[in-house]
Amino acid sequence: MNSVPAVRRLRAGDAEAAAALVRSAFAAQDAATDPPSSALRETADSLGAWIEADGGCCAEEGGALAALLLWAERDGGLYCGRLAVAPAARGRGLARALMAEAEREARRRGLTRLHLRVRLALPGNLAFFAATGFREVAREAHAGYAEPTTSVMEKRLDP
Ligand SMILES: CC(C)(COP(=O)(O)OP(=O)(O)OC[C@H]1O[C@@H](n2cnc3c(N)ncnc32)[C@H](O)[C@@H]1OP(=O)(O)O)[C@@H](O)C(=O)NCCC(=O)NCCS
């Protein structure tokens, strides 16, 4: 199948499947990260709380969640987190479709930017977000790390 499946909002009932997808997707990143991603510790409770408080979007394939993105209004923009595509569903534009939905959501809310954090150890992810219109605005180190571990990226939205 070449077409991108329909994107819909995450619902409270998706929490368990969403947590399983996030854990399996982040366990299958291009490289292991130091420190390991906190996404590996997501649970139905933690993601259920995020979905209820702020929401996000997802796409299904064959009746199962294949991709998802959480968001939250933060620091004057729409923060995007936990972008996760099932390993078998990668490379077919699902992540790009979810980021486009986040952009529509930000515009609906009258926000002028999207922002997110990407590990510096994952050049493929950095390239994906750069190709999607994001640029680095800062670098941060995890607590206890002397060198930066994370790129803070944003995408400015034209009014
Ligand atoms: C990163 C991730 C979300 C990409 O999902 P995806 O559905 O495969 O991405 P898409 O198919 O929408 O890719 C869009 C473009 O980015 C490129 N791209 C995506 N991931 C890439 C990678 N790891 N390395 C190089 N290029 C990549 C694709 O080639 C594609 O380019 P094209 O439009 O020129 O063909 C997915 O690999 C994933 O879930 N990874 C594990 C979790 C993770 O790291 N999430 C992001 C945390 S910041």
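Observations on the structure shown:
- Look at the dipole of the range 7-156 built from charges on Cβ: of ALA127, LEU65, GLY110, the Cα furthest out on the positive end belongs to GLY110.
- Relative to one another, the C-alpha centroids of the range 8-87 and the range 118-155 are positioned 18 Å apart.
- Global size of the range 88-135: 11.8, 35 Å for Rg and Dmax (C-alpha atoms, Rg to one decimal, Dmax whole).
- Taking every protein chain into account, the accessible area of the chain amounts to 51 square angstrom per residue (probe 1.4 Å).
- Whether the range 7-156 is rounded, prolate or oblate, judged on the alpha carbon gyration tensor where a/c under 1.5 counts as rounded: rounded
The values are calculated or read from the model by the stated rules, or taken from the named source; none is laboratory data. Please read these numbers as outputs of a predicted model, since none were measured by experiment. Cβ: placed from backbone, ideal geometry, glycine included. Neighbour counts: every protein chain shown. For the accessible areas, the whole protein counts, side chains as well, though only heavy atoms, and no ligand, DNA or RNA atoms are used. Shrake-Rupley method; radii C 1.70, N 1.55, O 1.52, S 1.80 Å.
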